[in-house]
Amino acid sequence: MNNSVGNTARLIGAGLRALLVLTVLCGVLYPLAVTGVAQALFPGKADGSEITAKDGRVVGSSLIGQGYDLPKTDPNDPGEAARPDLKWFQPRPSNGLGRNSVNTRYALILSGATNRSADSGAVGGLCTQDAAEGTLCAQVLAAKDAVVTDNSTASYKVGPEDVPADAVTSSGSGLDPHISPEYAELQVHRVAERNQLDVKQVEKLVADHTAGRTLGFIGEPRVNVLELNTALKALTTR
């Protein structure tokens, strides 16, 4: 009996010592070492790829998209649709999971892509104005009409054929911070007009914030909307 109790006590003691050692190694020393290396070699990425405004305020992360909308007319109405603030460059849609009180545009609490197939609402393989409400075709057509209307100015008319795919579809995560250079360029005239800037100024802004393919061959050219709008704000507040 005494031997059994003694063996049990030794096993419990050994287990507790192992727990203590592993807790210190894996729960304290290893995280500190990884954090130290990350802060030394990649401080910006380690801190969340934060973007700061001209006044030094952190305005977001370059990894997460965000909306640029006008204030709600009724802040207490969760069903009120967001209205884009057209003085800013707009991101791609973020309504893959639909709209409700939880899933608002670019809300981190719930995000994702639509589960609808590419021919959702299509008639004869084509998206037409007869597409049923709630289908992917209906969403895309409504988004395309809005892009054409919002970005047409007195001196610049946008046609349906000018609208790129990323202007009317959500990304896989619903949080993509980038748009295509084509979509950014399509918005230039509207942004210039709303901010009383010269079109050439805004075109240069887009060109300066257009990133090429990673390593020259991975992915597509892209524009980070938050970085672009941060630079736009700095330009308009000089």
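Read-outs: derived from the displayed coordinates by stated rules, not from any lab. Just so we're clear, the structure is a prediction, and the values are computed from it rather than from any experiment. Neighbour counts are summed over all protein chains in view; Cβ atoms, including those assigned to glycine, are modelled from backbone coordinates with ideal geometry.
Assorted remarks:
- In nm, spacing of pseudo-spin labels at LEU235 and LEU20 (7 Å Cα→C-beta vector): 6.3
- Each residue in LYS200, LYS72 was given a count of other beta-carbon atoms within 10 angstrom of its own, and listing them fewest first yields LYS200, LYS72.
- Long-range amide H partners of VAL123 with built H, under 5 Å: THR128
- Given LYS72/LYS233; LYS54/LYS144; LYS72/LYS204; LYS72/LYS200; LYS87/LYS144; LYS45/LYS144, the pairs whose alpha carbons are separated by over 26 Å: LYS54/LYS144; LYS72/LYS204; LYS72/LYS200; LYS45/LYS144
- Extending 7 Å from Cα along the Cβ direction at GLU182 and again at THR8 yields two label points whose distance is 7.3 nm.
- Amide H contacts for GLY60 (H built 1.01 Å from N in the peptide plane; partners 5 or more residues away or on another chain; cut-off under 5 Å): ILE51.
- Its relative contact order, with pairs defined as Cα atoms under 8 Å and 6+ residues apart, puts the chain at 18 percent.
- For the range 25-41, Karplus couplings with θ = phi - 60° (6.51, -1.76, 1.60), whole Hz, Gly/Pro x: 5, 8, x, 10, 5, 5, x, 5, 5, 5, 4, x, 5, 4, 5, 6, 9
- Gain in span if fully extended, SER152 to ALA211, counting 0.36 nm per residue against the direct Cα distance: 18.7 nm
- From least to most packed, judged by other beta carbons within 10 angstrom and beginning with the fewest, ARG10, ARG194 follow the order ARG10, ARG194.
- The calculated 222 nm mean residue ellipticity attributable to helices in the chain amounts to -12000 deg cm²/dmol, summing -39500 (n - 2.57) over DSSP H runs of n ≥ 4 and dividing by all residues.
- The chain: most fluctuating residue of GLY44, GLY112, GLY174 per GNM, C-alpha cutoff 10 Å: GLY44
- Applying 1/(1 + (r/R0)^6) with r as the Cβ-Cβ distance of GLU220 and ASP77 and R0 = 41 angstrom yields a FRET efficiency of 0.60.
- Computed over the chain with a Gaussian network model linking Cα atoms closer than 10 Å, the most mobile of ARG116, ARG57, ARG17 is ARG17.
- Cβ-Cβ FRET estimate between LYS54 and ASP145, R0 fixed at 41 Å, reported to 0.05: 0.70
- Label corresponding to Cα Rg over 2.2 N^0.38 Å when calculated from the structure given, among (1) 1.43; (2) 1.00; (3) 1.06: (1)
- Per-pair calculated FRET efficiency, R0 = 25 Å: ASP69 and GLU203 via Cβ, rounded to 0.05: 0.50
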